Amino acid sequence: MSDTYLELVSGGPGAGVAKKLGLPRPVRLRRTDPAAVDVPLVPGPVLVLSDARSTPDADVVAEGLLGWDLDVHRDARGDHGRWGAVVLVLTGLTHPAELAAPALELGSVLRSLTPGARVVTLSRTAPAAGAPADPAVAAARQGVDGFLRSLAKELRAGATGNGLVLGEDVALAAPSVRGGLRFLLSARSAFVDGQLLPVGGGGEEPADWVRPLVGTVAVVTGAARGIGAAVARVLARDGAQVVGVDVPAAGEGLAAVMNEVRGTALQLDITAPDAAERILAVARQRYGHLDVVVHNAGILRDKLLANMTPDRFEGLLDVNITAPLRMNETFAAPGVLGGAGVAPRIISLASTSGIAGNRGQTNYATAKAGIIGMTRALAAPLAGAGGTANAVAPGFIETDMTASIPPVPREISRRSSSLQQGGQPVDVAEAIAFLASPQAGGVNGQVLRVCGQLVVGQ
Ligand code: NAI
């Protein structure tokens with residue numbers, strides 16, 4: 001679906017009118033264009049800042065960025081043009097007061113960011129409630145959370161602010177830290193904003209950063225349209241072979257998408273008791289193994305609870321949570337996923353409604369919060385098999401599903417994020433492709449929001 005307001009105000013006289021009237025001014029986001037060659041990872045020089053204690057870690061980060069042919073600076077002074085990104089290394093913080101100097105230094109360069117710039121913090125995980133900890137260290141680490149989320153709300157012109165939160169012993173040069181940093185700096189994370197992604201050790205640097213999924217076989221449910229179709233396209237772009245699943249009624253759309261990505265179409269209702277076995281059989285017969293499962297198929301049956309009917313509540317749970325749970329009994333069993341050196345991945349579609357709740361969506365939010373619980377429970381068994389289980393929680397994404405929302409609430413939802421617009425299916429697909437990649441092997445049991453920092457649940 002197109003966003004007419006965005007088209008009107010993102011340039012020309014419309015932009016001036018919107019500014020004068022104090023109206024939202026969304027801009028076109030920096031996204032990956034598969035047809036474009038030689039597009040730099042970051043659209044300008046990269047400034048690496050740190051607090052005093054984190055300088056050695058910042059050196060490691062800067063060296064890694066240089067290895068990607070980026071124009072890296074450690075000092076904001078001098079003639080360098082507009083910054084494409086600022087990386088703030090805060091891994092050595094021991095007291096919140098130590099955050100002031102690098103925060104203010106960052107503040108001084110915010111007016112010289114390019115459109116679509118990135119600010120990325122690297123910090124350490126705050127201790128869990130009840131764990132023995134130094135209160136000042138805990139305050140400093142948790143402080144980064146509040147700082148980053150507020151900063152992201154101040155950025156303009158499609159710039160985003162996100163952070164990686166490293167486990168206690170995770171090295172700055174760990175594949176998942178480098179992989180996460182590269183994702184957040186790149187155009188692939190266009191609609192990820194205000195998020196702090198926990199990163200553990202593990203993962204592997206891909207042989208090819210541009211096509212990290214070569215040799216991987218993935219199944220995507222609900223692949224005939226919307227987000228699922230975009231996931232199939234992006235996984236295939238990144239080198240994966242794709243089995244696309246959808247209901248027989250969507251067979252034509254599914255065939256078109258699978259032809260486009262040279263994948264395999266499987267007409268199947270995921271609520272069928274033997275859905276997982278049928279998917280496995282097709283993947284193994286065509287490609288020899290199955291590595292990545294993307295639980296994307298989902299439905300909406302919105303109604304206020306007072307008016308809810310059993311078929312709307314139970315029917316939604318059947319598709320959105322019971323089917324993935326049942327299929328995972330097969331997929332998460334030892335030795336089923338992963339082959340030819342590819343690590344297993346289960347990636348499921350949650351929703352911001354499952355985090356924050358949403359009026360009229362008691363059924364949907366039950367299922368989507370359930371997806372988050374399921375993902376956390378799968379993390380340990382998948383890690384045991386060298387794999388990961390993660391969820392992606394989209395906010396408002398422009399698809400047929402959201403086109404069915406009445407105009408006024410639809411327009412309110414669109415403008416309620418820091419980026420003041422809905423995301424595109426490709427934005428969710430990029431996050432899923434990152435989580436499927438070898439470099440994301442240290443991200444496990446997490447929920448990555450792709451919501452433009454939607455106000456709900458932040
Ligand atoms: P969509 O309605 O455009 O596409 C869903 C696809 O799933 C359709 O092709 C449909 O035929 C298929 N499907 C439905 N039931 C099925 C079944 N029983 N077996 C096999 N396939 C089935 O939806 P959209 O917007 O692309 O959403 C995809 C996923 O993302 C869903 O899980 C949805 O809940 C989630 N999501 C979407 C958001 C949005 O803003 N569009 C926001 C948050 C989450």
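The values are calculated or read from the model by the stated rules, or taken from the named source; none is laboratory data. This one's a predicted model, so the numbers in the text were calculated from it and none came from an experiment. Note that each Cβ is placed from the backbone with ideal geometry, even for glycine, and that neighbours are counted across all protein chains shown. SASA here: full protein model, heavy atoms, side chains in, ligands and nucleic acids out. Shrake-Rupley method; radii C 1.70, N 1.55, O 1.52, S 1.80 Å.
Using the average count of surrounding beta-carbon atoms within 10 Å as a protection proxy, the listed peptides 303-316, 427-440 rank, highest first, as 427-440, 303-316. Residue 30 sits among other residues whose Cβ lies under 14 Å from its own Cβ, and their net charge, with Lys and Arg +1 and Asp and Glu -1, is +2. Among the protein heavy atoms of the stretch 217-450, carbon and sulfur supply 53% of the accessible surface, probe 1.4 Å, non-protein parts ignored. Note on the stretch 43-199: Cα-Cα pairs beyond 24 Å make up 25% of the total pair count.
Between the amide H of residue 72 and those of 46, distances stay under 5 Å, these residues lying 5 or more places away or on another chain, with hydrogens modeled in the peptide plane. Given +1 at the Cβ of Lys and Arg, -1 at the Cβ of Asp and Glu and no other charges, the dipole of the chain around its Cα centre is 1000 debye to the nearest 20. Of all DSSP beta bridges in the chain, what percent run antiparallel (nearest 5)? Counting only bridges with both partners in the chain, antiparallel ones make up about 0 percent.
Set the Förster distance to 35 Å, then compute FRET efficiency between residue 277 and residue 252 from the Cβ-Cβ distance, nearest 0.05. The pair residue 277/residue 252 has a calculated efficiency of 0.85. In this structure the amide hydrogen of residue 264, modeled in the peptide plane, comes within under 5 Å of the amide hydrogens of 242, 243, 244, none closer than 5 places in sequence on its chain.
Under 5 Å from the amide H of residue 442 lie the amide H atoms of 176, 203, each residue being 5 or more positions distant or on a separate chain, with H modelled from the backbone and absent for Pro and chain starts.
Accessible surface area normalised per residue over the chain is 41 Å², counting heavy atoms of protein chains with a 1.4 Å rolling probe. In summary, the chain shows an alpha-carbon radius of gyration equal to 0.96 times the 2.2 N^0.38 Å reference for compact globular proteins.
At 0.692 mPa s and 37 °C, plugging the Kirkwood radius over alpha-carbon pairs of the stretch 177-306 into Stokes-Einstein gives what diffusion coefficient in µm²/s?
Value of D from the Cα-based Kirkwood radius: 203 µm²/s.
Applied to the stretch 65-74, the Karplus parametrisation 6.51 cos²θ - 1.76 cosθ + 1.60 on θ = phi - 60° returns per-residue 3J(HN,Hα) values of 5, 4, x, 9, 6, 8, 8, 9, 10, 10 Hz, with x for Gly and Pro.
When the solvent-accessible area of the stretch 43-199 is split by element, carbon and sulfur atoms take up 55 percent of it, the probe being 1.4 Å. Using alpha carbons only, how many degrees (0 to 90, rounded to 10) separate the axis of helix 425-436 from the longest principal axis of the chain? Rounded to the nearest ten degrees, it is 90. Number of Lys-Lys pairs in the chain with C-alpha atoms under 28 Å apart and a separation of 8 or more places or on different chains: 4. Computed on the stretch 25-106, with alpha-carbon pairs under 8 angstrom and 6+ residues apart, the relative contact order is 40 percent.
A simple rule links phi to the HN-Hα coupling: the Karplus curve 6.51 cos²θ - 1.76 cosθ + 1.60 with θ = phi - 60°, which for the stretch 214-223 gives 4, x, 9, 10, 10, 10, 10, 8, x, 8 Hz, with x for Gly and Pro. Applied to the stretch 40-57, the Karplus parametrisation 6.51 cos²θ - 1.76 cosθ + 1.60 on θ = phi - 60° returns per-residue 3J(HN,Hα) values of x, 4, 10, x, x, x, 10, 9, 9, 10, 7, 7, 4, 6, 9, 4, x, 5 Hz, with x for Gly and Pro. For the chain, the relative contact order comes to 15 percent (Cα pairs under 8 Å, sequence separation of at least 6). Evaluated at 4 °C with a viscosity of 1.567 mPa s, what Stokes-Einstein diffusion coefficient in µm²/s does the stretch 35-126 have when Rh comes from the Kirkwood expression over alpha-carbon pairs? It diffuses with D of about 95 µm²/s by this estimate.
Between 0 and 90 degrees, the angle of helix 100-109 with respect to the longest Cα principal axis of the chain falls at about 80 degrees.
Near residue 276, within a Cβ-to-Cβ distance under 13 Å, what is the net charge of the other residues, with Lys and Arg +1 and Asp and Glu -1? Residues near residue 276 contribute -1 overall. Once C-alpha pairs closer than 8 Å and six or more residues apart are averaged by separation and normalised to the residue number of the stretch 247-355, the relative contact order reads 32 percent.
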